[in-house]
Amino acid sequence: MSTTTPQGIFVRTETVLKMGQQLNISLPDDERAFTSKLEEIADGGLVLTVPCDEDKCPIRVPQGTSLTCDFFDGTSYYRFAVDFLRRVNENIPLWHTDKPIKVQKIQHRAFVRMKTEMPMVLRLFDDAGKEKKMIFTTTVDISGGGICFRLNRHLVVGRKVSVELGEIPGIGFLNQMAIVRRCAESDEGNSNEKTEYYIGAEFAGMDSKVRDKLINYIFDLLRKACKHTLRH
């Protein structure tokens, strides 16, 4: 499976960072995400609570380690990178970092799209709702609201389909009805190949708990993809 970091815009640090914000922190060469809180914002840096691992042990990192931080403010998703400067043991252990020059704003959390190639099964139905065809293909991107995938045939906008994805953490096997909202011819092929289409479909009737777990999975993919690319 391959992934691509979604695009966003950059905003001024002082407009979005607030004391008390909960932050997710990713470390280089570590697939886990740790939780911290923004305790202080100074001219020269940030002060964060020391994150702990799953055994409640404080995380230790060497000076100069690049930290990727992200948070959700109720409307949009943000991320930024800082360098670890030092640890201070006061009433609570604290991390001091430098201050990010820029913060990247993605978009509304539910609609963050992650470019990712995953094997999937598409099921087509006739007018009576009986299964007509099963097709194996790959995704182009996915969000909490829908999915885009490749297909070597045209689908009519408004058609109902079923999409199936393999093991997703927290969900397992995902079998979800969707409605085709877009069908666009791909420009990646050539005259000797069969026409390929990009199909955009909106999830229909997805359980809110399943949607939240899917969004969390997408954000985990995003953190891993951007960990080594975001710099200040």
If the chain between ASP127 and VAL156 were fully stretched, how many nm would it gain, using 0.36 nm times the residue separation less the Cα-Cα distance? 9.1 nm
Counted neighbours (other Cβ, 10 Å), sorted fewest up, put GLU196, GLU185, GLU167 in the order GLU167, GLU185, GLU196
Residue-span extension gain [GLU202 to ILE92] - 0.36 nm each, minus C-alpha spacing: 35.0 nm
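In the neighborhood of GLY20, defined by Cβ-to-Cβ distances under 15 Å, what is the net charge if each Lys or Arg adds +1 and each Asp or Glu adds -1? Write out the running numbers ahead of the final one.
Values: positive: LYS18, LYS37; negative: GLU39, GLU40, ASP73.
Taking every other residue near GLY20 into account, the sum is -1.
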Rh by Kirkwood over Cα pairs, then Stokes-Einstein D for the chain at 1.002 mPa s and 20 °C, µm²/s: 109 µm²/s
Considering amide H positions built from the backbone, and no H for Pro or chain starts, which residues 5 or more places from LYS37, or on another chain, come under 5 Å of its amide H? LEU23, THR49
For the chain, with only Lys/Arg (+1) and Asp/Glu (-1) charged at the beta-carbon, what is the dipole magnitude about the Cα centre, in debye rounded to 20? 420 debye
For the chain, longest principal axis from Cα atoms; helix 208-226 axis from its Cα atoms; angle between them, nearest 10 degrees, is 60 degrees
In Hz, Karplus ³J(HN,Hα) per residue of segment 10-27 (6.51, -1.76, 1.60; θ = phi - 60°; x = Gly, Pro): 9, 10, 5, 4, 5, 7, 10, 7, 10, 4, x, 5, 7, 10, 9, 10, 10, 10
Cα gyration tensor shape for segment 9-82, rounded if a/c is under 1.5, else prolate or oblate: prolate
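Counting other C-beta atoms within 10 Å, which of MET134, MET177 has the fewest, and how do the rest follow? Intermediate results must be reported in sequence, preceding the final value.
Values: MET134 11, MET177 15.
Listing MET134, MET177 from fewest to most nearby Cβ atoms yields MET134, MET177.
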May I ask you to derive the FRET efficiency for GLU40 and ILE9 from their Cβ-Cβ distance with R0 = 25 Å, giving the value to the nearest 0.05? 0.40
Straight-line reach from LYS102: which lysines have Cα under 16 Å away, leaving out those fewer than 8 places along the same chain? LYS18, LYS227
State, to one decimal in nm, how far the label point of LYS102 lies from the label point of ASP30, with both points 7 Å from Cα in the Cβ direction. 2.7 nm
What FRET efficiency would be calculated for the residue pair ILE179, GLU117, taking the C-beta separation as r and a Förster radius of 22 Å, to the nearest 0.05? 0.45
Considering only LYS102, LYS115, LYS132, give the residue with the highest GNM mean-square fluctuation for the chain, with springs between Cα atoms whenever their separation is below 10 Å. LYS132
Net charge dipole size for segment 114-218 [Lys, Arg +1 and Asp, Glu -1 on Cβ; Debye, nearest 20]: 300 debye
Sorted by chain and number, the residues with a modelled amide H under 5 Å from that of ASN152, at a separation of 5 or more or across chains, are TYR197
Order by neighbour count: CYS148, CYS52, fewest other Cβ atoms within 10 Å first, most last. CYS52, CYS148
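What is the sum of charges, Lys and Arg at +1 and Asp and Glu at -1, for the other residues whose Cβ falls under 15 Å from the Cβ of LYS132?
Numbers: positive: ARG123, LYS130, LYS133, ARG153, ARG159, LYS160; negative: ASP126, ASP127, GLU131.
Summing Lys and Arg as +1 and Asp and Glu as -1 gives +3.
Read the figures in this text as sums done on the coordinates, not as results from a lab. Note that the structure is predicted; figures quoted are calculated from it, not measured. Don't worry about glycine lacking a Cβ; one is built from the backbone with ideal geometry, like all the others, and counts go over all protein chains shown.
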